[in-house]
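Shown next, in structure tokens, is the structure this report addresses.
The values are calculated or read from the model by the stated rules, or taken from the named source; none is laboratory data. Since we're looking at a predicted model, the values are computed, not measured. Note: ideal-geometry Cβ built from the backbone for every residue, glycine included; neighbour counts use all protein chains shown. Surface accessibility is based on the protein's heavy atoms, side chains included, excluding ligands, DNA and RNA. Shrake-Rupley method; radii C 1.70, N 1.55, O 1.52, S 1.80 Å.
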Amino acid sequence: METIATETRTRYHRISKTISGLLIVIGIAVSWVGSTQFATSTYSADFFAPSFNVWFSTLWISVCYPMFIIGALVFNRESRSREGVLNLHRNCETIYGPEGLNIRSFFKLSGSFCICWAVTNYLYVYALGLIAPADVTALFASNNAFIYILSWVWLHERLQLLPARGLSVLLSTGGIVLISYAEGLKGTTAAGTIMSIGSAIGAAIYKVLFKRFIGDATYGQVSLFLSVLSFFNLLFLWPFFIIFYFTGFEIIDWYNIPWDYLCGSAALSVVFNFLINFGIALTFPLFIALGTVIGIPLNAVVDYIFRNLPFGWLKIGGTLLIIGGFVIMLLPESWQEACWPKRRNDELQPLLEETTDEPAE
């Protein structure tokens, strides 16, 4: 009887985790598409200010840590006291090192990552004003290929499963080339394509550096990190959109700021980041990644219906290549190993060790 009860609980847990995963996939896809489309809709003759858009949207990320604390108070009895909250906060502070959050770690970690965050998002949002949102999201999805390359360079990870992941990089590169060719390699479309690829590289740099300098972090630690990053953005990055405004590089009619679209984009961006960072606790990691993949065709549908922007065969082919490369990266290592004989991996390993066993600088 005990075994049957255990199996029933396990089966129920898997079913609930799968259902939660499907809901989270939909939430991630919809929030990403919505945030991207709202950001695109901010552009007009009176407003073309991606730097203000990014600065304003990043302010909303500050709610992450308060939301985590509220959730801990609701679901964790041990945190429902002054001492419990203090212990929770001390644990979250360890993301900044043994000394916790101080002036030095604030500028060193939060400052550095905030700049990387801002530049990456600036390139992404600026590209939305130059080419179709579906094209931007498709090109941005290639960031997994760049993560693989940068992990080898900076994290000195062994290049195991080289054929499978090498194929992923090649597919993503081919997809970038096809979409770039479809867009045309001149004028604003070329600039939009370059910025989209730049945002993908920026996202890869952010993730790899986070892994290198911070490592594995708990949900509370990530929440605190994002909220402090938002505070750094509030204090130090506002001069940039002021400078861009007075130099004429960006256009802001202060009487006609599209607050509805800005708030919609910022709110959905918070939902997207919340589901990405905390959804992993409720479902399988694969579902989290699939949410961003599904967002690409959804953006194409929205572009076609509401913006009358076609998604030609070259773009479809390029998108499928990028999605294919993305999915290969997500495959379990056991599956990838099954497609590549162990004997070949053993033959390659001595060569790989020569390039990956050097100490990090």
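Beyond 20 Å, the tail of the calculated P(r) for segment 81-145 holds 54 percent of the Cα pairs. With a Cα-only, solvent-free Debye model of segment 42-113, what are the log10 I(q)/I(0) values at q = 0.18, 0.23 Å⁻¹? Each listed q corresponds, in turn, to -0.85, -1.06.
Note on residue 119: accessible area approximately 80 square angstrom, rounded to 10, probe 1.4 Å, nucleic acids and ligands left out. Length available on full extension from residue 153 to residue 94: 0.36 nm per residue minus the Cα-Cα distance, which gives 18.6 nm.
The heavy atoms of residue 260 present about 100 square angstrom of accessible area, all protein chains included, probe 1.4 Å.
Taking a ≥ b ≥ c as the square roots of the eigenvalues of the Cα gyration tensor, segment 17-149 is prolate, since a/c reaches 1.5 or more and a/b is larger than b/c. At an R0 of 51 angstrom, the distance between the Cβ atoms of residue 15 and residue 236 translates into a FRET efficiency of 0.60. When the surface is traced with a 1.4 Å probe over the full set of protein chains, residue 193 keeps roughly 10 Å² accessible.
Our estimate of slack between residue 67 and residue 26, defined as 0.36 nm per intervening residue step minus the Cα-Cα distance, is 12.6 nm.
Taking the protein heavy atoms of segment 176-257 in the context of the full set of protein chains, the accessible area attributed to carbon and sulfur is 72 percent at 1.4 Å.
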